[in-house]
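First the structure, which I've put down as structure tokens, then a few questions once you've had a look.
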Amino acid sequence: NSLATSRLTVPVLWDTKTDSIVSNDSWTIVKMMSMAFAALGKPLSETAALMSVNSSGYPTLVPDDQQGFLDSHQGGLYNALLNGVYKAGLGLMKNHEIECEPVLVARKEVYDKLSEVDDLLSKQRFLLGDKITAPDVRLAMTLFRWDAAYRKAFILLEGRGGILVGDGYPNLKAYLRDLYVVMEPVVDFRAIRQYYRIRQSVAKAFARSQGENSEDKRKEDLCPLPDLHEIIASAEEPAGERPRAVIR
């Protein structure tokens, strides 16, 4: 619609028959694809072996008997970590506020959740046991961005350091290496690194939206780009022996 003035967001699930949006909520879309469209999925055999099957016998990321628990688990992850990194970086993206109270609170929540999940994964292979579920996929995509983008783009330099780079989160590192075997085709570290370089432009856009002269905003000294060779080499390392657990 060339006359639209609303903000654009992704992802969007679009109904081509009614020309309307079904949903723009990523968690809702993941569940729809994993449940209503499970029969259309064709995961590789090694990936399917790590997934549960639904009542019709199709591999799924949302087991029939786990839907309520998945929603609850996903909510905690989303608030503290998946969306938490953006809350921690919001002030920085808007007007270079890196020490205001909401940002400091969000940072602490991010670090606390990382430590909590690292401890959990010392006891079991995936978030809910020995099968990959939808929260694992969503968490993994956030964690793959940690070293390549989030830490420096959003000044998340405390906590225990990097995940794939460094030894502060040994169980998260093994978890990511484990998942990278099946997720490598959809993880583009170069695109991840470059995308989060746009925050300098975001700061200028925010200034303009507030009626300020964006050229008066001082230029940020961007952190050096992370070494993707080191990050990718770490992701490709064997995960080593992982815990085995029964799904809750």
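The values are calculated or read from the model by the stated rules, or taken from the named source; none is laboratory data. A quick note: this is a predicted structure, and the numbers were derived from the prediction, not measured. Using ideal geometry, Cβ is built from the backbone for each residue, glycine included, and neighbour counts are taken over all protein chains shown. Side chains included, ligands, DNA and RNA excluded: accessible areas come from the protein's heavy atoms. Shrake-Rupley method; radii C 1.70, N 1.55, O 1.52, S 1.80 Å.
Can you pull the percent of Cα pairs in the range 19-171 with separation above 20 Å?
55
Please list, by residue number, every one of the chymotrypsin sites (Phe, Trp or Tyr not before Pro) in the range 36-132 that is coil in DSSP and has at most 16 other beta-carbon atoms within 10 Å.
Here the sparse-neighbourhood loop sites are F37.
Right, next: Per residue Cα convex hull volume for the range 131-173, in cubic angstrom?
69
Let me cross-check V165: its accessible surface, 1.4 Å probe, with only protein heavy atoms counted, in Å² to the nearest 10?
Accessible surface of V165 is approximately 50 Å².
Follow-up question, since we're still on this one. For the cross-link pairs K17/K87; K87/K173; K42/K173, which exceed 31 Å when the distance is taken from alpha carbon to alpha carbon?
Going by Cα-Cα distance, K17/K87 fall outside the 31 Å limit.
Suppose the chain between A36 and S56 were pulled fully straight at 0.36 nm per residue; how much longer would it get relative to their current alpha carbon spacing?
Full extension from A36 to S56 adds 6.1 nm.
Could you work out the relative contact order of the range 1-158, using alpha carbon pairs under 8 angstrom and six or more residues apart, expressed as a whole percent?
Relative CO of the range 1-158 lands at 19 percent.
Points 7 angstrom from Cα along the Cβ direction at A239 and A191: gap in nanometres?
It works out to 2.3 nm between the two label points.
List the aspartates and glutamates whose alpha-carbon lies under 18 Å from that of K31, not counting same-chain residues fewer than 8 positions away?
D15, D64, D65, D71, D136
Protein chains only, probe 1.4 Å: how do T5, T60 rank by accessible area, largest first?
T5, T60
Gap in Å between the Cα centre of the range 135-157 and the Cα centre of the range 23-56?
23
Order 138-150, 227-239 from most to least packed using the mean count of other Cβ atoms within 10 Å. Intermediate results must be reported in sequence, preceding the final value.
On the way: 138-150: 22.7, 227-239: 14.4.
Listed from highest to lowest mean packing, they are 138-150, 227-239.
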